[in-house]
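Every number here is computed from the coordinates shown, using simple stated rules; none is lab data. Computed from a prediction, not measured in an experiment: that's the story for all the values here. Note that each Cβ is placed from the backbone with ideal geometry, even for glycine, and that neighbours are counted across all protein chains shown.
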Amino acid sequence: MKTKIKTNGRYFTRLREKQNLTIKELSLKTGISESTLSNIENNKVIPQLRTLLKLVKFYNITLKELFENF
């Protein structure tokens, strides 16, 4: 049986908007493609761990904070 995991894309959107960044600007700062960021924010993909780690580092949050908002 497959378990479906859903992330809270809105949380990622709020983090980005709090810093007044566009997806394009965030992409340039993190090295994560615009399409990947958009798909994360729209709950179309489950981010890979390395992507999550880049976002955690960029936003200066802990993994605990991140997963509490999933």
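Using a cut-off of 18 Å between Cα atoms, the listed pairs 24/64; 18/44; 29/54; 18/57 include 24/64; 18/44 as exceeding that distance. Sites count as exposed loop sites when they are trypsin sites (Lys or Arg not before Pro), lie in a DSSP loop, and have at most 15 other Cβ atoms within 10 angstrom; the longest stretch of the chain without one is 7-43. Based on DSSP H segments of at least four residues, each scored -39500 (n - 2.57), the chain has a per-residue ellipticity at 222 nm of -17000 deg cm²/dmol.
With the simple model of a label 7 Å out from the Cα in the direction of the Cβ, residue 60 to residue 42 spans 3.1 nm.
So what's the stretch 3-68 giving for Rg/Rh, alpha carbon basis, Kirkwood Rh from the mean inverse pair distance?
Values: Rg = 10.9 Å, Rh = 11.9 Å.
Rg/Rh for the stretch 3-68 comes to 0.92.
Summing Cβ point charges (Lys, Arg +1; Asp, Glu -1) relative to the Cα centre of the chain gives a dipole of roughly 200 debye.
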